[in-house]
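Asker: Dumping the structure here so I can ask a few things about it.
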Amino acid sequence: MAQEFVNSKIQPGKVVVFIKPTCPYCKKTQELLGQLPFKPGVLEFVDITATSDTNEIQDYLQQLTGARTVPRVFLGKDCIGGCNDLEKMQRNGELLKRLREIGALQ
């Protein structure tokens, strides 16, 4: 169930962030990404606490990405890590470059 759920969300050309609404790093990630000019429907925040499979989802994210923590940020099929990784990519210009490459921006 968890594997199917996660895999159904991760798609080429989409930016998907697995979050918990109470997590301060998740909120920071949402704020950062919320400032960018995404095409409609391209950016999705997935609240993993809205399911009964939260632990299973985090276990699968660990298998998939090497980390169980949220947020887990996917640019297309690639996990770039969490909030700190996203901030670093934004600072060095890599984030906008990658988002353009996958066609996520307006």
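Asker: When only C-alpha pairs under 8 Å and at least 6 residues apart count, what is the relative contact order of the chain, in percent?
Answerer: On the way: 144 pairs, mean separation 38.6, N = 106.
Reported relative contact order: 36 percent.
Asker: What pairs in LYS27/LYS77; LYS77/LYS97; LYS28/LYS77; LYS28/LYS97; LYS14/LYS77; LYS14/LYS39 have C-alpha atoms more than 18 Å from each other?
Answerer: Too far apart for the 18 Å limit: LYS27/LYS77; LYS28/LYS77; LYS28/LYS97.
Asker: Multiply the residue separation of ALA50 and GLU101 by 0.36 nm, subtract the distance between their alpha-carbon atoms, and state the gained length in nm to one decimal.
Answerer: Between ALA50 and GLU101, full extension yields an extra 15.2 nm.
Asker: For the residue pair GLN3 and LYS39, what label-to-label distance in nm results when each label sits 7 Å from Cα along the Cα-to-beta-carbon direction?
Answerer: Here the answer is 3.1 nm between the modelled labels.
Asker: To the nearest 500 deg cm²/dmol, what mean residue ellipticity at 222 nm is calculated for the chain from DSSP H runs of n ≥ 4 alone, each contributing -39,500 (n - 2.57), summed and divided by the residues? It would help to have the intermediate numbers written out before the result.
Answerer: Details: 5 runs with 48 residues, N = 106.
Helix contribution divided over all residues of the chain: -13000 deg cm²/dmol.
Asker: Extension gain LYS27-GLN90, at 0.36 nm per residue separation less the Cα-Cα distance, in nm?
Answerer: On the way: separation 63, 0.36 × 63 = 22.68 nm, distance 1.61 nm.
Length gained between LYS27 and GLN90: 21.1 nm.
Asker: How big is segment 2-101 along each principal axis, measuring the range of its Cα positions in Å and listing the largest first?
Answerer: Answer, in whole Å and largest first: 35, 27, 25 Å.
Here, each number is a calculation from the coordinates, and none is a lab measurement. Keep in mind that this is a model prediction, so the values were computed, not measured. Please note: Cβ atoms are built from the backbone with ideal geometry, for glycine as well, and neighbour counts cover all protein chains shown.
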